[in-house]
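The values are calculated or read from the model by the stated rules, or taken from the named source; none is laboratory data. The model shown is predicted, which means the values in this text are computed figures rather than measured ones. Positions of Cβ are backbone-derived with ideal geometry, glycine not excepted, and every protein chain shown enters the neighbour counts.
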Amino acid sequence: MARLIPEDTIDDKPMPLLDHLIELRRRLIWAAAAFMIAFFVSYYFSKQIYAFLAQPLADILQQRGGGDRRMIFTALYEAFFTYLKVALFGAAFISFPVISTQLWLFVAPGLYRSEKRAMLPFLVATPVLFTLGAALAYYFVFPFAWRFFLSFEVPSDGNGLPIQLEAKVGEYLDLVMKLVFAFGITFEMPVLLTLLAKVGIVSSKSLRKMRRYAYVGMFVVAAILAPPDVITQIGLAVPLIGLYEISIIMARLVEPKPVEDASDA
């Protein structure tokens, strides 16, 4: 007896184009409101957020006996715009779940139930992987990278001019944001490759065949995104290689299975 397959339906009702545009506007308003609220909250705590981002450098300077060390700004507006960037940085993190939820609420009614079930794990994994990448940059890469850069300081020995770091607040924030977003975005690789495997664009077999080239590509990406020191580049490339291997496993689990020819019983 043939097994009945549950009906795979779309829950959406037919809507005129104008109604779709109104719905889109409503979702955009909610997303924009969430971002603006998060921005003002982040700006209120911008000094604390910046202090958190600067803590890895402060810890290393403290270990090197730099009790009187400081960060500087050389333009009148630099500190103000730095705190604005901090607020935007914080708002992007805080409001992302709301924005992604509004996007999902707009798109989901047009998807089949099976498509919704397939997409939900990826929606959950996306912020988790981004946070893991950002955490790796903050807690592992920053201490090693800052220690490497500070190793080029030349202390005063009475015979020459010392070379000492006086980091600018704007330049430091730009570097931190670049690394955090670089690690966060590259950690989304399993989500991307698994989605491509699910729709049949790539397969676990093709990913295995391209493994050697992918490894080289990981180091090229790390060299482009990370600062020009070996420790930071390896700190990005090695996790990417691990994520690529995880992507192969996930692709094998979700890729379409070949249809076997039915034989007459």
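A few comments on the model shown:
- Close pairs (7 angstrom Cβ cut-off, 6 or more residues apart or separate chains): among the β-branched types (Val, Ile, Thr) and outside any loop (DSSP other than H, G, I, E, B) in segment 137-160, surrounded by 16 or more Cβ atoms within 10 Å (Cβ to Cβ) and at pLDDT below 80 anywhere: VAL141/THR232; VAL141/GLY235
- Flag not set for LYS85, criterion: without any contact (Cβ under 8 Å) to a residue 40 or more places away in the chain, part of a helix (DSSP H, G or I) and either more than 18 Å from LYS168 (Cα to Cα) or not hydroxyl-bearing (Ser, Thr, Tyr) (or both).
- Condition met for ILE60 (of a type in the set (Val, Ile, Thr) and either touching a Ser or Thr at 6+ places or on another chain (Cβ under 7 Å) or outside any helix (DSSP H, G or I) (or both)): no
- All positions within segment 63-76 that are outside any loop (DSSP other than H, G, I, E, B) and closer than 17 Å to ILE163 by Cα: ILE72
- Within segment 109-132, tally of residues that are without any contact (Cβ under 8 Å) to a residue 60 or more places away in the chain and small (Gly, Ala, Ser): 0
Okay, residues lined up against (1) in contact with a strand residue (DSSP E or B) (Cβ under 6 Å, 6 or more places away or on another chain); (2) within 30 Å of GLU78 (Cα to Cα); (3) without any contact (Cβ under 8 Å) to a residue 12 or more places away in the chain; (4) hydrophobic (A, V, I, L, M, F, W, C):
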{"position": "LEU179", "(1), (2), (3), (4)": "no, yes, no, yes"}
{"position": "ILE201", "(1), (2), (3), (4)": "no, no, yes, yes"}
{"position": "ARG212", "(1), (2), (3), (4)": "no, no, yes, no"}
{"position": "VAL220", "(1), (2), (3), (4)": "no, no, yes, yes"}
{"position": "VAL238", "(1), (2), (3), (4)": "no, no, yes, yes"}
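- Of all residues in segment 35-62, those satisfying the criterion of being within 24 Å of the chain's Cα centre (by Cα) and under 17 Å from LEU165 (Cβ atoms) are LEU53, ALA54, GLN55, PRO56, LEU57.
- Residues of segment 121-139 satisfying the condition of being over 10 Å from the mean Cα position of the chain (by Cα) and either of a type in the set (Lys, Arg) or within 14 Å of LEU240 (Cβ to Cβ) (or both): LEU136, ALA137
- Criterion: surrounded by 14 or more Cβ atoms within 10 Å (Cβ to Cβ), among the hydrophobic types (A, V, I, L, M, F, W, C) and in contact with a Lys or Arg (Cβ under 8 Å, 6 or more places away or on another chain) - qualifying residue of LEU240, LEU196, LEU165, LEU179: LEU165
- Evaluation of PRO258 against (1) more than 27 Å from GLU78 (Cα to Cα); (2) at pLDDT 80 or above (one fails), failing number: (2)
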